[in-house]
1. What FRET efficiency do you get for D39 and A72 if R0 is 25 Å and r is their Cβ-Cβ distance, rounded to the nearest 0.05?
2. Do you know the Lys pair count in region 7-85 for C-alpha distances under 17 Å, with sequence separation 8 or more or different chains?
3. Would you calculate a helix-derived [θ] at 222 nm for the chain, using -39,500 (n - 2.57) for each DSSP H run of n ≥ 4 and dividing by the full residue count, to the nearest 500?
4. Per residue of region 14-20, what does 6.51 cos²θ - 1.76 cosθ + 1.60 with θ = phi - 60° give for ³J(HN,Hα)? Whole Hz please, x for Gly and Pro, Karplus curve as stated.
5. About the Cα centre of the chain, what is the dipole size in debye to 20, counting +1 per Lys and Arg Cβ and -1 per Asp and Glu Cβ, all else neutral?
6. Which of K15, K45, K70 ends up with the largest GNM mean-square fluctuation for the chain, with Cα atoms connected below 10 Å?
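Coordinate-derived values only; no laboratory data. Owing to the predicted nature of the structure, the values given are computational and were not obtained by experimental measurement. Neighbour counts run over all protein chains shown; Cβ positions are idealised from the backbone, glycine included.
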Amino acid sequence: MNMPYRTSRDYQLLKKLLDEGKEIVCFTDFPIDNRIFRDVCKARKIGEGRYSVTCRGCEYASFWENHNYKWAFEDEMRMANIEFIEPNI
């Protein structure tokens, strides 16, 4: 595909951008009838330590720092196959 932007799976960078208060355009898998499509989502930090990736009221990924998770932020994003548009830093 010839896209005019680059996507990234650098989840440490994504978390840093969210911690800075930015809302980031993301892509994730969306299964329909045994096929996988890509959906456009928004990642954001909500309050203290809660991260969410949503689209049209559907939450594809979420992570709360203050809870006793068995996995890290990066694991949650990887499990949801999140890609985000890489910013020009």
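1. Details: r = 23 Å, r/R0 = 0.93.
Approximately 0.60, to the nearest 0.05.
2. Numbers: K15/K42; K15/K45; K16/K42; K16/K45; K22/K42; K22/K45.
For region 7-85, the number of qualifying lysine pairs is 6.
3. On the way: 2 runs with 16 residues, N = 89.
So the helix-based figure for the chain works out to -5000 deg cm²/dmol.
4. 4, 4, 4, 5, 5, 5, 7
5. On the way: 14 positive and 15 negative charges, 26 e Å.
Dipole magnitude for the chain comes out near 120 debye.
6. K70
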